[in-house]
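Written below as structure tokens is the structure these notes are about.
The values are calculated or read from the model by the stated rules, or taken from the named source; none is laboratory data. These numbers come from a predicted model, not from an experiment. Heads up, the Cβs are rebuilt from the backbone with ideal geometry, glycines too, and the neighbour counts pull from every protein chain shown. SASA here: full protein model, heavy atoms, side chains in, ligands and nucleic acids out. Shrake-Rupley method; radii C 1.70, N 1.55, O 1.52, S 1.80 Å.
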Amino acid sequence: MELTGLIFYLVSVLIAGGIYAILCLALNVQWGMGGLFNAGIAGFFAVGAYASAIVTTAITDRHLGGFDLPIPFGLAAAMLVAGVTGWAVAKICVRLKSDYLAMASVGIAEILRLVIVNESWLTNGSLGISGIPRPFGDMVQGREADLLYLAVVWTCVLVVYVLCQRLYVSPWGRTLRAIRDNEDSARAAGKDVDWFRVQTFVIGCAIMGLAGALSAHYFKFLSPSATEPLLVTFLVWVMLMAGGSGNNKGAIAGAILIWFIWSATEIITSRLPPEWITRSSYIRMLLVGLLLQFVLQRYRSGLIPEKSPKPRSD
């Protein structure tokens, strides 16, 4: 029984790690390839999660929707709504540079969070949305359902990784890296820098929406607490920096490594004296921050640093 429990604990860690891997790949498109400092990841994650939940849940009068559509429609809706939201944000903020873009994206993520909390007709407010279906939920239940969902999540990771890798080695990806490294030179070469940045932001936000949808279907319940910046924005940035910004393999490796460590710190902090347990989240942040400092001192470009693709010989 102990071995079985350990195996399914690892399954749950790998499911969450896969969702974070998708978030890291999305952020790698925006930051690693395009140099866009998006500090509002939690907002687009939340938009995707709620969009899929609304589309796929049964008919209800507690929130908007309840369209009871198949889950693939929910995943598509999550990417579409998050992408459109990202487009609206990019049209306003894409000309901002580095920390200014970060501040703007944080503010927009907070606006989205307040909409989710206060617009009960849309999201059922702080009470959340329940009864969110899982893929093949009518076929399997219990631990077998977790194993099946693990396969679903990592299939999505594989598809997103292949897509991001194709983007990275494509002419579009080379142009994007040129803009990231020297914007003035890219403009001088006739590249529409702002349009490329809008595309980059939209693609990254759509993938973040997919991660939010997968999270909602995994827990089968969604509330504003599931989209806290600590658990989404902060951790995803740590994962990407530790794994290797600009490298899709590094993004996945960083997500798995940091999530395993974050899960292990939960076990450690749960054994602390009662007066310390209330501070456990801050202790875990401290431990993860110390780990990031260690990694970046030893590996300044992350565990798997960026490597430019080899030039084609035609």
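Go through the range 117-138 and give me each residue that's free of Cβ contacts under 8 Å to residues at least 40 places away in the same chain, assigned to a loop (DSSP other than H, G, I, E, B) and of a type outside the set (A, V, I, L, M, F, W, C). Glu119, Gly137, Asp138 - these are the residues of the range 117-138 that are free of Cβ contacts under 8 Å to residues at least 40 places away in the same chain, assigned to a loop (DSSP other than H, G, I, E, B) and of a type outside the set (A, V, I, L, M, F, W, C).
Among (1) within 15 Å of the chain's Cα centre (by Cα); (2) over 30 Å from Gly131 (Cβ atoms); (3) surrounded by fewer than 17 Cβ atoms within 10 Å (Cβ to Cβ), there is one condition Leu230 misses while meeting the rest; what is its number? Of (1) within 15 Å of the chain's Cα centre (by Cα); (2) over 30 Å from Gly131 (Cβ atoms); (3) surrounded by fewer than 17 Cβ atoms within 10 Å (Cβ to Cβ), only one is false for Leu230: (2). When each of Tyr9, Tyr100 is tested for being under 30 Å from Val193 (Cβ atoms), at pLDDT below 95 and either open to solvent by 20 Å² or more (accessible area, probe 1.4 Å) or of a type in the set (A, V, I, L, M, F, W, C) (or both), the lone residue that passes is Tyr100. Of all residues in the range 243-254, those being surrounded by fewer than 24 Cβ atoms within 10 Å (Cβ to Cβ), aliphatic (A, V, I, L, M) and closer than 19 Å to Arg180 by Cβ number 0.
Taking the listed residues Glu183, Glu110, the one that is without any contact (Cβ under 8 Å) to a residue 60 or more places away in the chain, of a type in the set (Asp, Glu) and out of contact with any Ser or Thr (no Cβ under 6 Å at 6 or more places or on another chain) is Glu183, with no other qualifying. When Leu272, Leu257, Leu240 are screened for being modelled with pLDDT under 80 and surrounded by 13 or more Cβ atoms within 10 Å (Cβ to Cβ), only Leu272 passes.
The number of residues in the range 156-188 that are among the hydrophobic types (A, V, I, L, M, F, W, C) and closer than 17 Å to Ile207 by Cα comes to 9. Among the numbered conditions (1) under 23 Å from Pro309 (Cβ atoms); (2) open to solvent by less than 10 Å² (accessible area, probe 1.4 Å); (3) in a helix (DSSP H, G or I), the only one that His217 does not meet is (1).
Residue check: Gln141 meets all listed conditions (1) of a type outside the set (A, V, I, L, M, F, W, C); (2) in a loop (DSSP other than H, G, I, E, B); (3) in contact with a Ser or Thr (Cβ under 8 Å, 6 or more places away or on another chain) but one, namely (3).
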